[in-house]
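Just below is one structure, and these are the notes that go with it.
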Amino acid sequence: MKTRHEAHSLITISHARATRFSFDLDTTLHQSHAIKLIVGLDADVSVREPSGLQVCAPVVVIPSDIASCVVSRGPVISVLLDPEHNREPNASTRALGGTVPIELATARRLRDLAWSTRCYLESPRHLDALGEELQAIAFPSTLHRANFDVRVEYALERFRAHLDDADGGELELQSHLGVTIQHFRALFLRDIGISPRTWLLWNRLVRALRIALSGVSLTTAATAAGFSDHAHFSRTCRRLLGYTPGGIVDR
C-alpha cells in the first residue's frame, strides 16, 4: 500500500450507496442527505453537531439531514446510504434524532472486517463490496418499514427522470397530485426529510460526483449534472458533504 504522503482517498458511488476510504477525515460543518456509517480503523471518530452534542467512538452512525462536523486522525471507511433506496435504515436511524455510537461488539466486527480487507482498499471493486458488507452488519433487516405517500413516490420518479433539466424547480410544481403546492411540500418533507428543491440539489451533486469519477473534468461533470458552473458545484458539495469536489475525487 502507498505511504500516507503518496496515498489518495478512493470512493465508489452507486445509486444506493457510496463507500469512501481515506487516510483521515476532517470535514467542515455540513448537512448530508445520506445516512452515514463511519468506521475509524486506527483512531476513534469524533462528531460534533451544532446543538452541542459530541460523540466520539470507534464507529458512529449519523442519520440523514443531521448537520455535523466529522474528524478522525487515522484511516476511515465511510459508507453513505441513499435514504430512498435504503428505507429501513432510514426509518430506524431517523428515530435516533442525532449521531450515535455503534455498540462495541458490532463496532469490533466492523473494524475487523475493514482491517481484513485493508490491502485491497485501493481497488474500487473491493471497496464497493466492503461497503455492502459493512452495511449488512450495521443495518440488519428490521421491522422499520417506510412507505412513502403515493404522491411523493410519483414526484421522486419524475425528479429522477429530469435531474439535469434546467427547469427542475418548475418540475416540483408539476408533480403534486390533487393537493396544494404547500401540502405537497409538507408531504415530501415528512417522508423524505428535506424539501423537493434540496432533494434535487443533493441528487445533482451525487450525479456530478459519479460523472467526475469517470475521468472527465470537474467543470464538465458540473455542467452535465445540471449545475450552472463549477463554483455552484463546489459550494453545494462543501455545504452537503463537507468537502470540495476535488477533496472527494482527488483532482
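What follows draws every value from the coordinates through simple rules; no lab data is involved. Just so it is clear, the structure is predicted and the values come from calculations on it, not from any experiment. Counting neighbours? That spans all protein chains shown, and the Cβs are built from the backbone with ideal geometry, glycine included.
Miscellaneous remarks
- For the range 10-138, the Cα gyration tensor yields ellipsoid semi-axes of 20, 17, 14 Å (square root of five times each eigenvalue, largest first, whole Å).
- Cleavage-rule hits (GluC sites (Glu not before Pro)) in the range 82-126: DSSP loop, at most 14 neighbouring Cβ within 10 angstrom: E103
- Between V150, V45, V71, the GNM of the chain built on Cα springs shorter than 10 angstrom shows V150 fluctuating the most.
- Fewest-first ranking of F148, F21, using other Cβ atoms within 10 Å as the exposure measure: F148, F21
- With all projection directions averaged, the alpha carbon convex hull of the chain covers 13.2 nm².
- Annotation note: trypsin sites (Lys or Arg not before Pro) in the range 41-103 located in DSSP loop regions with a Cβ neighbour count of at most 15 within 10 Å are R73.
- Ranked for footprinting exposure by Cβ neighbours inside 10 Å, fewest first, R235, R210, R109 give R235, R109, R210.
- Among S64, S123, S51, the residue with the largest mean-square fluctuation in a Gaussian network model of the chain, with springs joining Cα atoms closer than 10 Å, is S51.
- Comparing mean-square fluctuations of A222, A43, A129 from a GNM of the chain with C-alpha springs under 10 Å, the top value falls on A129.
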